[in-house]
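Here's the structure, in structure tokens; my notes come after.
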Amino acid sequence: MPPKQYTRPANDKPLTPLEKKELLQAYFSHYESIAQQAADSLNVKLPRAAVADVLDQVGGLLLERSRQLALTPGPMREFLEATEPPECLRGRLPDEFRAFSLLLNALKQWVSAESAATDRFLLGGTARGQCRQMADHCLITGKHLERADIELHHPVRDGRPPIPLSKNGHDRIESTSRDSTDPIESALREIKRQGNRSWVMLRRGCMALAGEEAGQSTPAILASSKTFARKAKEATGLSYQALLQWLDHRDLGI
């Protein structure tokens, strides 16, 4: 039986504008009431063991399909032939591995798009804008939220909307549930603090410098994002791809 074709989940009970506003007000109030007593509840992650089998299945499918596509006439085979590596790399990058790498990158772009779509499930296409306007103060620091200082944070990645926090408040939440002895994290946080930048900017800068589609942004923000990425690479000794993996592992800047 062929695999079921993917269809993006859709909300069959869309909310009215007034219902969305009331929902976000109640949602923010809920987390504000518990933020000072249980900050960990604002940064809950699903244990990897809970999805290990699914990830193994996805990985196995990528390996199987990359082998098939590398050997079968079609768009992938044609692309591999049209983009042969330079002479110095030939014989070192098997076509099956090249196909796997291409599929993996396509999957990453797909996951990014589908992850963004989960925010729109309840609130529609202007979800992120609505979430930024959810409150006028940070529920962690209590200070007024400036537009340029807002970072959206998901308490749990299960479809619930992100909460607007200040950069300082966001850092404080992340620090409560992460190993502060990680030298990479310490170095990146210092660069992030000095430049008043966000994890989203680091992700965008790394993607742009790695030759990947980095999403829409203003020229000034993109330039600042690239600067953040270059400084991060220099401070940690990690490649841009390794920095992206580091961000992925910690669910940062998504």
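Computed quantities for the displayed model
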item: Pairs beyond 22 Å (Cα-Cα), from Lys143/Lys167; Lys143/Lys231; Lys45/Lys233; Lys4/Lys108; result: Lys143/Lys231; Lys45/Lys233
item: Between 0 and 90°, nearest 10: helix 219-236 axis offset from the chain longest Cα axis; result: 70
item: At q = 0.16 Å⁻¹, base-10 log of I(q)/I(0) for the chain (Debye sum, equal scatterers on each alpha carbon); result: -1.36
item: Net dipole in debye of the chain [+1 Lys, Arg Cβ; -1 Asp, Glu Cβ; about Cα centre; nearest 20]; result: 440
item: Value at 222 nm in deg cm²/dmol, rounded to 500, when DSSP H runs of n ≥ 4 in the chain each add -39,500 (n - 2.57); result: -18500 deg cm²/dmol
item: Positive-end residue, the chain charge dipole about Cα centroid, Cβ charges, pick of Met76, Ser224, Val200; result: Ser224
item: Alpha-carbon Rg/Rh ratio, for the range 1-124, with Rh computed the Kirkwood way; result: 1.15
item: 0 to 90° range, to nearest 10: angle between helix 199-209 axis and the chain longest Cα axis; result: 20
item: For q = 0.11, 0.15, 0.17, 0.24 Å⁻¹, Debye-computed log10 I/I(0) when each Cα of the range 98-198 counts as one equal scatterer; result: -0.45, -0.78, -0.94, -1.20
item: The range 182-254 - percent relative contact order, Cα under 8 Å, separation 6 or more; result: 39
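Computed from the coordinates by the stated procedures, all read-outs in this text should not be read as laboratory data. Keep in mind that what you see is a predicted model, and the values were worked out from it rather than measured. As a convention, Cβ positions derive from the backbone with ideal geometry for all residues, glycine included, and neighbour counts pool all protein chains shown.
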